[in-house]
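What follows is a set of notes on a single structure, which appears directly below.
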Amino acid sequence: MTKFKLGLIVGSNRRESINRKLALALAKLGAGSFDTTIIQIDDLPMYNQDHEQPVPAPVARFKAEVEASDALLFVTPEHSRSIPAVLKNAIDWGARPWGKTSWPGKPAAVTGTSGGAISTAVVQQHLRAVLGNQGLHLMGGEAYILFKPELIDARNEVADENVRTFLQSFIDQFAQFAAKIAPRQAQRAA
Ligand SMILES: Cc1cc2nc3c(=O)[nH]c(=O)nc-3n(C[C@H](O)[C@H](O)[C@H](O)COP(=O)(O)O)c2cc1C
């Protein structure tokens, strides 16, 4: 069976990012439904409207990968109770040049992890507002993952059974949601 193409966008450029670990764990849990690609964002230059015609090569590559994805999963840390600059920069490039936005109509889900008491609750609210404005279709519900050092092992397996069950349900729900939102892709996957 052809699977959905899932683009994973991680809102961190840190080498040992705990959100990249979570993203890879979700990719593994969703392997039955999705072929997953991490869409790189840390090579994008700082957005500048003077550099839109033509867009720089990494931006063209980024936009093509977003557009080729059937669904998008954002896994992000929270920076200063909001969206990390590296991720907001990518969202802005995706939205430009005027009339050439890469975002509308894509089914999307949002999650993230931090060691903080409310995990990534605030950034996820901000991100939902921004992505909604860009015309993505966002899956409802909440997935705030409290990170602990032993949560995800070197093979991208979630060690904690309760968290694993929760994440499995999250990614399975997202596959169902994506099929409802994107019937064209669902037909291809049938
Ligand atoms: C500039 C900055 C701001 C941060 N602000 C928050 C925050 O508002 N809430 C939070 O839970 N953690 C915050 N943190 C801690 C991050 O959760 C932590 O650095 C985490 O490892 C980031 O995820 P990553 O490893 O995927 O980059 C902040 C970290 C940095 C570097």
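The helices (runs of 4 or more DSSP H) found wholly in region 1-103 and carrying at least 3 residues that are within 25 Å of Ser114 (Cβ to Cβ) and within 14 Å of the chain's Cα centre (by Cα) occupy 18-29, 85-95. Entry remark, region 73-89: residues being surrounded by 24 or more Cβ atoms within 10 Å (Cβ to Cβ) and among the polar types (S, T, N, Q) number 1 in total. When Asp43, Asp70, Asp92, Asp50 are checked against the criterion of being farther than 23 Å from Ala154 by Cβ, surrounded by 21 or more Cβ atoms within 10 Å (Cβ to Cβ) and either more than 12 Å from the ligand (Cβ to nearest atom) or of a type in the set (D, E, K, R) (or both), a single residue qualifies: Asp70. Being more than 26 Å from Ile181 (Cα to Cα) and in contact (Cβ under 8 Å) with a residue 60 or more places away in the chain is true for just one of Pro54, Pro58, Pro84. Which residue is that? Unique residue meeting the criteria: Pro84. In region 98-107, which residue that is free of Cβ contacts under 8 Å to residues at least 60 places away in the same chain and either loosely packed, with under 15 Cβ neighbours inside 10 Å or at positive phi (or both) is nearest to the ligand (Cβ to nearest atom)? Across region 98-107, the extreme among qualifying residues is Pro104.
Okay, residues lined up against (1) at pLDDT 95 or above; (2) within 14 Å of the ligand (Cβ to nearest atom); (3) not basic (Lys, Arg):
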| position | (1), (2), (3) |
| --- | --- |
| Ser114 | yes, yes, yes |
| Gly140 | yes, no, yes |
| Phe147 | yes, yes, yes |
| Ile152 | yes, yes, yes |
| Glu157 | yes, no, yes |
| Arg164 | yes, no, no |
| Ser169 | yes, no, yes |
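The values are calculated or read from the model by the stated rules, or taken from the named source; none is laboratory data. Please read these numbers as outputs of a predicted model, since none were measured by experiment. Cβ: placed from backbone, ideal geometry, glycine included. Neighbour counts: every protein chain shown.
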